[in-house]
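Notes for the one structure printed next.
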Amino acid sequence: MKYNFLHIIYLFGSLSILSIGGGNTVLPEMHRKSVDAYHWMTDKQFADVFAISQAAPGPSILIVTLIGYKAAGYAGALVATLAMLIPAGLLMYVITRFWQSASEATWHHAVELGLAPIAIGLVFASGYVVSKAADHSWRAYVLTAIATVIFWKTKINPLIVMGIAALIGYFGLV
Amino acid sequence: MSETVPPIDAPKVVRDKISLWELGKTFNDIALMSFGGGLSAWSRRIIVEVKGWMDDEEFLSALTLCRVMPGANQVNLAVYVGTRFRGIAGAIATVFGLCLVPVLIALGLAVAYFHYNAVPDVEKILKGMAAAAVGLTLSMGLKTGAKFLKDPIALVFGVLAFLGAGLLRMPLLLVLGTLAPLAIWWGYRKYLATRKKA
């Protein structure tokens, strides 16, 4: 028990730096360590905590807050969150400073121009991947399609559309 | 280096200092609006369309940078925006804004779960919202695509990135490692060409 904080800092601090490509990439390792190695929670609890972190707003990486809470209470939650945010955040800060300091350089413009089409391809890719996970029925695909057109072509506040979609889900229509 | 090249088309973006409170508040709003998903699409909508803090080109390249770097993409984007406008203090403000309320909500739900074994019954609501949130992501692709995929070569890069990372589920680093050098070379040629014209 008394090594919990060290384990928390070590685990999430290292996962922070390893999470290249986003937080989801280190989920399997997070699961392995918190369930099998440190016995902070059961398999079922991990799955439920994952569902809770998905249901809450904000970045889904906040699952670490919940694992930290289970491992060592509120202090554990805080330590786990900071351990996950700070290493990768500092690295990103350094890269941003470097990137900004070269904002007039030719290579900066070249990278910006070149990466734009790839970024758009990746946006479609994540839309595709998420729709495979989120849309379980043809009605869900129809909802996605209608929402896409509304967001794309109209100025209707997306929150209104999301509210209607929530109601549609609540009444079991998708 | 004595001659400075005039910008090709001066972006109509905010260049003033933005207060730390405004930065934190904005990312708090983005986090709360994204209940149900579509965090990047919400970020673009607020940062580019509503606030005008960046143009699409900068936003897209920043987003790619955030994907390559370790860390959650949205936390990285918060660091990028905060750093760009207010340095380290700005980065702390945006990350704090993005995470504080969601952490409290998630923690509240976790306490209910571990002590009372209550799991929030939001599954059905989230199903509807997740389907619509995908629409938000796709509309972001369509809006920016109309602007940046006009060039046939750009379109090829976009389609290949989609095929690799989407349909084939190839690792991101492999997709970017292959496409990015070629795309940056293409971007370099294109930048030189537009500069000559200007």
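Since every read-out is calculated from the coordinates, none of them should be taken as a lab result. What you see is a predicted model; the values in this text were computed from it and never measured. Methodologically, a virtual Cβ is constructed for each residue, glycine included, from the backbone with ideal geometry; neighbour enumeration extends over all protein chains shown.
The Kirkwood hydrodynamic radius of the protein assembly as shown, based on inverse pair distances between different Cα atoms, is 21.3 Å. If the reach is capped at under 22 angstrom between alpha carbons, list the lysines near B:Lys25, excluding any in the same chain fewer than eight residues apart. Of all the lysines, those that pass the test against B:Lys25 - Cα under 22 Å, at least 8 places apart if same chain - are B:Lys17, B:Lys51.
Taking the Cα centre of the range B:35-83 as origin and assigning +1 to Lys and Arg Cβ atoms and -1 to Asp and Glu Cβ atoms, the resulting dipole is close to 220 debye.
Among B:167-173, B:31-37, sorting by the average number of other beta carbon atoms lying within 10 angstrom of each residue, highest first, gives B:31-37, B:167-173. Across peptide B:86-93, the average count of Cβ atoms from other chains found within 10 Å of a residue's Cβ is 2.
For peptide A:29-42, the mean count of partner chain Cβ atoms within 10 Å of a residue's Cβ comes to 0. Per-residue packing, averaged as other Cβ atoms within 10 Å, sorts the ranges A:79-92, B:181-194 into the order A:79-92, B:181-194, beginning with the highest. Candidate cross-link partners of B:Lys147 among the lysines, defined by an alpha-carbon separation under 17 Å and a same-chain spacing of 8 or more, comprise A:Lys153, B:Lys12, B:Lys190.
Under 5 Å between amide hydrogens, built in the peptide plane, is the criterion, and for A:Ile20 it picks out B:Gly71 among residues at least 5 positions away or on other chains. For the range B:51-198, a simple Cβ point-charge model (Lys and Arg +1, Asp and Glu -1, everything else neutral) yields a dipole of about 620 debye relative to the Cα centre. Under the convention that each Lys and Arg Cβ holds +1 and each Asp and Glu Cβ holds -1, the size of the dipole of chain A around its Cα centre is about 240 debye. Any idea what the relative contact order of the range B:18-157 is, in percent, if you count C-alpha pairs under 8 Å spaced at least 6 apart? Value for the range B:18-157: 32 percent. For the segment A:99-105, counting C-beta atoms of other chains within 10 Å of every residue's C-beta and taking the mean gives 2.
Most tightly packed first, judged by the mean number of other beta-carbon atoms within 10 Å of their residues, the peptides B:153-166, A:94-107 read B:153-166, A:94-107. Share of pairwise Cα-Cα distances greater than 17 Å in the range B:17-86 is 36 percent (whole percent). Between the listed residues A:Leu159, A:Leu173, A:Ala140, the Cα displaced farthest toward the positive end of the dipole of chain A, a dipole computed from Cβ unit charges relative to the Cα centre, is found at A:Leu173. Judged by the ratio a/c of the largest to the smallest principal axis of the C-alpha gyration tensor, the range A:21-67 counts as oblate, that ratio being 1.5 or greater while a/b is no larger than b/c.
Quick one: helix B:20-33 against the long Cα principal axis of chain B, what's the angle to the nearest 10°, folded into 0 to 90? Helix B:20-33 and the main axis of chain B meet at about 70 degrees. Divide the volume of the convex hull around the Cα atoms of the range A:135-174 by the residue count and you get 50 Å³ per residue.
The ellipsoid that matches the Cα gyration tensor of chain A has semi-axes, each √(5λ) in whole angstrom, of 33, 28, 13, with the longest given first. When Rg and Dmax are taken over the Cα atoms of the range B:39-135, they come to 16.2, 48 Å. When the Cα atoms of chain B are aligned to their principal axes, the ranges along those axes come out at 68, 42, 26 Å in descending order. The label-point distance for B:Asp29 and A:Ser101, in a model that sets each label 7 Å from Cα toward Cβ, rounds to 3.3 nm. Calculated [222 nm] ellipticity per residue, helices only, for the protein assembly as shown: -25000 deg cm²/dmol; basis is -39500 (n - 2.57) per DSSP H run with n ≥ 4, divided by all residues, nearest 500.
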